[in-house]
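**Student:** Got a structure for you, written out below as C-alpha cells; questions coming shortly.
Every read-out reported here was derived from the displayed coordinates using simple, explicitly stated rules and does not represent laboratory data. Given the structure is predicted, the values throughout are model-derived calculations rather than measurements. As a convention, Cβ positions derive from the backbone with ideal geometry for all residues, glycine included, and neighbour counts pool all protein chains shown.
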Amino acid sequence: MTATNAREDQKVHELLTGAIDIRIARDGTWYHEGGAIRRKPMVKLFAGILRRDDDGSFCLQTPYEKRTIIVEDAPFVAVEAMVSRAEEGQAVRFRTNVDDEVTAGPDHPIRVEIDAETGEPSPYVLVREGLEALIARSVYYDLVGHGRTDTRDGREVLGIDSGGCFFVLGEIADDA
C-alpha cells in the first residue's frame, strides 16, 4: 500500500466513524435528531448492528461504518416473560421490545441494581454480549410472583430459577 492509498483509507475511515444523533431512551424508544423512530422494522435493523465497546459506549457498527450513539440506560426493554416448568427445571424466556428472545440462565443472567436514593430496583437480563434489556416493571412484578425465597450470604432473598440458575430479585426486608 502506498502512502497516498494509506492517507485515502484514513480519510474514508474518519468519515465513517464518530457520533450520530441517535438516542435510546430508558423506555426503549429510539430517537433520531430528537424525533422518535416510529417504524419498528427500522428500529430492529439498528438494533441488529448495535454493539458495546470495551469503554462502555454504544455504537451502530457495520463492516464499513461505526457511529457512537447515546443509551440512557439499557438499549432494550424486556416487555414479556414466559415462565415454563419442565422435568429439567424452570425456565424464564424474555421477549424484548425489538422481538429478541432469550432464556435466563448462565449465558443470559438476570441482575438487579438498587437505586441508593430511592431503593427502587432496576432489573436487567443480558440479551447478547454487552447488551442488556431493562426488565419492564410489570414483567418484574410477574417474576416476583413466580419467585421463591432462599438464603444467600446470610440474607433472606426472593429470586427466580431459570436455566439451572437462581437469580436474586431482591432482599426480603426485615419488618422488625
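**Student:** Label residue 51 and residue 27 with points 7 Å out from Cα along Cα→Cβ: what is the distance between them in nm?
**Tutor:** For the pair residue 51/residue 27, the computed spacing is 3.1 nm.
**Student:** A further question follows. Mind ordering 155-164, 78-87 by average Cβ neighbours within 10 Å, highest first?
**Tutor:** The densest-packed peptide leads the list: 155-164, 78-87.
**Student:** Could you tell me which label, among (i) -0.65, -0.90, -0.96; (ii) -0.49, -0.82, -0.90; (iii) -0.57, -0.90, -0.98, carries the value of log10 I(q)/I(0) by the Debye sum over Cα atoms at q = 0.11, 0.15, 0.16 Å⁻¹ calculated for this structure?
**Tutor:** Among (i) -0.65, -0.90, -0.96; (ii) -0.49, -0.82, -0.90; (iii) -0.57, -0.90, -0.98, the one derived from this structure is (iii).
**Student:** Could you grab the relative contact order for the chain? Cα pairs under 8 Å, six or more apart, rounded to a whole percent.
**Tutor:** Rounded, it is 16 percent for the chain.
**Student:** Nothing charged except the Cβ atoms of Lys and Arg (+1) and of Asp and Glu (-1): what's the magnitude of the dipole of segment 125-166 about its Cα centre? Round to the nearest 20 debye.
**Tutor:** Charge dipole of segment 125-166: 80 debye, to the nearest 20.
**Student:** Could you line up 142, 99 from fewest to most neighbouring Cβ atoms inside 10 Å?
**Tutor:** 99, 142
**Student:** Okay, next question. Listing 40, 66 from the residue with the fewest other Cβ atoms within 10 Å to the one with the most, what is the order?
**Tutor:** Ranking 40, 66 by Cβ neighbours within 10 Å, fewest first, gives 40, 66.
**Student:** Charges only on Cβ, +1 for Lys and Arg, -1 for Asp and Glu: so what's the dipole of the chain about the Cα centre, in debye to the nearest 20?
**Tutor:** 840 debye
**Student:** Could you work out [θ]222 nm for the chain from helices alone, using -39500 (n - 2.57) per DSSP H run of at least four and dividing by all its residues? Round to the nearest 500 deg cm²/dmol.
**Tutor:** The helix contribution divided over the chain gives -5500 deg cm²/dmol.
**Student:** Shifting gears a bit: Please work out the FRET efficiency for the pair residue 88 and residue 150, using the Cβ-Cβ distance as r and a Förster radius of 22 Å; give the result to the nearest 0.05.
**Tutor:** Once rounded, the FRET efficiency stands at 0.65.
**Student:** Kindly identify segment 76-171 as rounded, prolate or oblate by the Cα gyration tensor criterion: order the square roots of the eigenvalues as a ≥ b ≥ c, call it rounded if a/c is under 1.5, otherwise compare a/b with b/c, prolate if a/b is larger, else oblate.
**Tutor:** Judged from the Cα gyration tensor, segment 76-171 comes out oblate (a/c at least 1.5, b/c at or above a/b).
**Student:** For a label point 7 Å from the Cα of residue 42 along Cα→C-beta, name the residues of segment 85-103 whose backbone N is under 20 Å from it.
**Tutor:** Counting only backbone N, you get 97-100.
**Student:** State the extension gain, in nm to one decimal, for the chain segment bounded by residue 99 and residue 70, taking 0.36 nm per residue of separation less the distance between their alpha-carbons.
**Tutor:** In short, 8.3 nm is gained.
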